[in-house]
Amino acid sequence: MLVINPRSGSGRPSPEELAEEADRRGVAARILGPGDDPAEVARAADADVLGVAGGDGSLAAVAEAALERGLPFVCIPYGTRNHFARDLGLDPNDPIEALDAFEGSEQRVDVGRIGNRLFMNNVSLGLYAQLVHERESHRRRRDEFAQLRALLLLARNPRGIRLSVDGRDVDAHVALVAVNAYKLELFSLVERERLDAGRLFLYLAHSWRPREWEERSCERLTIDAGGHQIDAAIDGEPTALETPLDLSIEPGALRVFVPAPG
């Protein structure tokens, strides 16, 4: 079964066209309507493979249902950035081709947890998380305004954020916890070479335009902000979290189907 989020950023092909192509391949499709919970739809589906067409923020709910049911998971890129799909080696601009994964090969990938909540890519705190919140408030603005917004945010909070990481006090403008290692550029995440290394990576930037990042890898960590609520972005989706935050990795937990090599 394929769960389609029509509110994701792609829109091409249309949700109806994608559902029709899935059906032609023998894959039942469900286009989410207002108020539909993708996790509940996936949990109730009579299916032996669960897939989702959406952006990065749409994936975790269906992946969680696949984990609970012990079923393989399929990612169809249908959002704006499609970080997870890119890291899987999928063409982020071709959701139709990605449907081949329903008859493809299996690989195991790691997932992260923040408390009980699953994440596929990363959790960010500080400047990047604030940018995500700003983006949601000003969705019509172009990405090239990101640096200008960052400067405005920096002017409002020039000292960044004060955190405690496993009991060590740090001051940072950006704190990012990733499922496996990223290549990082200013205000952007480039790619991960592996999705199965079994490690969380913590990246800290101590200025708004870092020349280098403080980096460490681990299997678990705790981040505190004095017990206060903090702005965060989980797989690019804005949220507010109560600290302390307990983060962990589940190595090889998720069975993912990808298109068979051509």
With the crude spin-label approximation of a point 7 Å out along Cα→Cβ, what separation in nm comes out for ARG25 versus GLU191?
2.2 nm
How many nm separate the modelled label positions at ASN93 and ASN116, each set 7 Å beyond the Cα in the direction of the Cβ?
4.2 nm
I want to verify the translational diffusion coefficient of the stretch 10-124 in µm²/s; compute it with Stokes-Einstein, Rh as the Kirkwood radius over Cα pairs, at 4 °C and 1.567 mPa s.
90 µm²/s
Treat each spin label as a single point 7 Å out from the Cα along the C-beta direction, and report the SER207 to GLU68 distance in nm.
4.7 nm
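What FRET efficiency comes out for ASP36 versus ARG168 if R0 is 45 angstrom and r is the Cβ-Cβ distance? Round to the nearest 0.05.
Working: r = 43 Å, r/R0 = 0.95.
Calculated value: 0.55.
Computed from the coordinates by the stated procedures, all read-outs in this text should not be read as laboratory data. Worth saying up front: this structure is predicted, and the values here are computed from it rather than measured. Cβ: placed from backbone, ideal geometry, glycine included. Neighbour counts: every protein chain shown.
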